[in-house]
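Report on the following structure.
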Amino acid sequence: MTSIDLLLQRQSTPSLTTPAPSHLDLEKILAAGMRVPDHACLQPWHFTVITGSGLQRLSDLLVQSSDIQSDNLTKISKMPLRAPMIIVVNTEFVHHDKVPTQEQLITTGCGVHAMQMAAFALGYGAMWRTGKLAYNTKVKQGLAIKEHDEIVGFLYIGTPCKKLPIKPTRDYKNKVTYWK
Ligand SMILES: Cc1cc2nc3c(=O)[nH]c(=O)nc-3n(C[C@H](O)[C@H](O)[C@H](O)COP(=O)(O)O)c2cc1C
């Protein structure tokens with residue numbers, strides 16, 4: 001796959017199975033996540049790689065953090081088991097006079113995107129998810145994320161359950177203006 005094909009064909013893979021990325025491939029995925037545009041090189045992010053029994057730990061954490069009255073606990077308990085690997089990406093905001101937290105959030109999001117692209121390039125599938133539990137204080141605590149930081153994404157990674165057709169190109173015409 002050429003670089004431009006990667007950029008033009010990237011898409012999400014909701015249904016994932018084993019195998020998860022190998023150790024070598026995971027290293028490449030994480031390295032891609034580190035290589036994002038980053039004002040003042042603050043590296044204001046953290047990656048938590050969850051596999052194996054860690055997925056059950058995450059499931060337990062999500063259930064314990066949920067509202068037992070209104071949430072569908074069975075559905076929530078199964079969420080982390082949708083892929084053999086999840087990378088939780090959160091901010092680690094740094095105080096900087098020229099780099100507001102807004103920019104640090106953006107650069108952290110770039111990391112999720114870069115890791116999805118790397119996974120795709122290596123033949124894996126991946127899907128960026130959040131949902132309301134990404135904004136839950138107890139979930140953040142369980143993942144050792146400080147209260148003022150943000151979970152930017154749960155990046156589910158694995159092998160596509162089936163080969164999906166590449167989605168059609170999106171038309172940019174209504175999204176672009178030109179100054180000449
Ligand atoms: C910050 C963020 C959070 C997202 N959270 C979810 C989510 O919780 N559930 C979901 O189905 N899709 C979520 N998505 C969208 C999917 O990752 C995906 O982009 C979307 O389904 C479109 O598919 P595509 O990536 O193949 O174009 C999220 C995307 C972003 C950028």
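The values are calculated or read from the model by the stated rules, or taken from the named source; none is laboratory data. Since the model is a prediction, treat every value here as computed from it, not as a measurement. Backbone-built Cβ (ideal geometry, glycine too); neighbour counts: all protein chains shown.
Numbers at a glance
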read-out: Inter-residue pairs, beta-carbon under 8 Å, first more than 13 Å from the ligand (Cβ to nearest atom) and in segment 1-24, second assigned to a loop (DSSP other than H, G, I, E, B) and among the aliphatic types (A, V, I, L, M), 6+ apart; value: THR17/ALA83; ALA20/ALA83; PRO21/LEU122
read-out: Residue match in segment 100-120 (condition: aromatic (Phe, Trp, Tyr) and over 30 Å from SER3 (Cβ atoms)); value: no
read-out: Failed condition for MET79, given (1) touching a residue at least 60 places away in the same chain (Cβ under 8 Å); (2) touching a helix residue (DSSP H, G or I) at 6+ places or on another chain (Cβ under 7 Å); (3) within 16 Å of the ligand (Cβ to nearest atom); value: (1)
read-out: Some residue of segment 40-57 being within 16 Å of the ligand (Cβ to nearest atom) and among the small types (Gly, Ala, Ser); value: no
read-out: Among residues of segment 122-164, those that are modelled with pLDDT of 95 or more and either in a loop (DSSP other than H, G, I, E, B) or out of contact with any strand residue (DSSP E or B) (no Cβ under 8 Å at 6 or more places or on another chain) (or both), counted; value: 22
read-out: Scope segment 52-91; condition among the hydrophobic types (A, V, I, L, M, F, W, C), surrounded by 15 or more Cβ atoms within 10 Å (Cβ to Cβ) and closer than 30 Å to MET34 by Cβ; matching residues; value: LEU55, LEU58, LEU61, LEU62, MET79, ALA83, MET85, ILE86, ILE87, VAL88, VAL89
read-out: Positions within segment 121-142 being crowded, with 16+ Cβ neighbours inside 10 Å and either hydrophobic (A, V, I, L, M, F, W, C) or within 15 Å of the ligand (Cβ to nearest atom) (or both), in sequence order; value: ALA121, LEU122, TYR124, GLY125, ALA126, MET127, TRP128, ARG129, LEU133, ALA134, ASN136, VAL139
read-out: First in segment 34-61 and over 13 Å from ILE106 (Cβ atoms), second anywhere and among the β-branched types (Val, Ile, Thr) and assigned to a strand (DSSP E or B), Cβ under 6 Å, 6 or more apart; value: PHE47/ILE87; PHE47/VAL89; THR48/VAL88; VAL49/ILE87; ILE50/ILE86; LEU58/ILE50
read-out: Candidates GLN102, GLN69, filtered to the one that is within 18 Å of GLU150 (Cα to Cα) and without any contact (Cβ under 8 Å) to a residue 12 or more places away in the chain; value: GLN102
read-out: Count of residues meeting criterion [in a helix (DSSP H, G or I) and either away from the ligand (no atom under 11 Å from the Cβ) or at pLDDT below 95 (or both)] in segment 90-105; value: 4
read-out: Pick from segment 143-180, criterion β-branched (Val, Ile, Thr) and more than 20 Å from the chain's Cα centre (by Cα), ranking: surrounded by the most Cβ atoms within 10 Å (Cβ to Cβ); value: ILE166
